[in-house]
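Asks: Next up is a structure, given as structure tokens.
The values are calculated or read from the model by the stated rules, or taken from the named source; none is laboratory data. Because the structure is predicted, anything quoted here is derived from the model rather than measured. When we count neighbours, we look across all protein chains shown, and the Cβ atoms used for this are built from the backbone with ideal geometry, even at glycine.
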Amino acid sequence: MMQTHGTHPLKSRIGDFIAGLKALEKDPITTAQVSEFLAQLHLSSDAFAPYLLWNVERYARNLIYRDQFFEVIALCWLPGQRTPIHSHNGQLGWMTVVQGELACRNYRFVRPMVRASGAVSDRQEMGAGRAVEVELLSSASCQADGGVAVVDRRRTTHQIENLEKSRHGSVSLHVYSKPIDSCVLFDETSRCCKRHHLEYYSANGVILKKSPQAVEYLAETAA
């Protein structure tokens, strides 16, 4: 019998989802296998309800499951919230939108011009980090239609933004292999790439660092 995380229907559905991912660990993990697995799920945001926590300060990274091969995160987006332009360290990643609509933009980093003298440009002299420019390659709308967006080792630099105006917000499910603890992000102010340590807003449905704004918002949505 398949072991789940509990007898509650919502938790059982999450348990089945995690069990399905773990079954893929028996063989080499491929982009196609995980994409097919996610495309067949058709899970709604209700299935992830215990893990959907929101933060008014920035989009919320809510950890659902993690082992040495997979990391599963529910991202909750209020209107206007977005990621910086960032890389995925060459790891594989899959995203499906389960509520709302997100803008997904793919970029590439471009090295800045160097003066004829061979000296670095002014932008390269700005503080810590490596100065670069970014070039937009493509942009698409990702909706809750069962589609799966893939970040592979050839296209690893992107940005996600919630353009939806609904107070209900947007929810996306992300699967990474292997887990990603840091990434390289593009700072739009300094025009530099910097290494950034990633943090979870919650784990297993428990907020790790509460703020007055987050508590206030949770109270309002629960009312």
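Asks: May I ask you to say which residue of 69, 37 is of a type outside the set (Ser, Thr, Tyr) and farther than 22 Å from residue 181 by Cβ?
Replies: Values: 69 fails: farther than 22 Å from residue 181 by Cβ.
Just one listed residue meets the conditions, 37.
Asks: All but one of (1) at pLDDT 85 or above; (2) closer than 23 Å to residue 76 by Cα hold for residue 156, so report the exception by its number.
Replies: Result: residue 156 passes all but (1).
Asks: If you check 73, 64, 18, 14, which single one turns out to be of a type in the set (Val, Ile, Thr) and at pLDDT below 90?
Replies: Going through 73, 64, 18, 14 in turn, the sole match is 14.
Asks: Residues to consider are 121, 177, 182, 166; find the one that is of a type in the set (Gly, Ala, Ser), at pLDDT below 85 and closer than 30 Å to residue 47 by Cα.
Replies: 166
Asks: Only one of 142, 193 is assigned to a strand (DSSP E or B) and modelled with pLDDT under 85. Can you tell me which?
Replies: Unique residue meeting the criteria: 193.
Asks: Which condition from (1) surrounded by fewer than 20 Cβ atoms within 10 Å (Cβ to Cβ); (2) modelled with pLDDT under 85; (3) among the polar types (S, T, N, Q) is the one that residue 83 breaks?
Replies: Failing condition for residue 83: (2).
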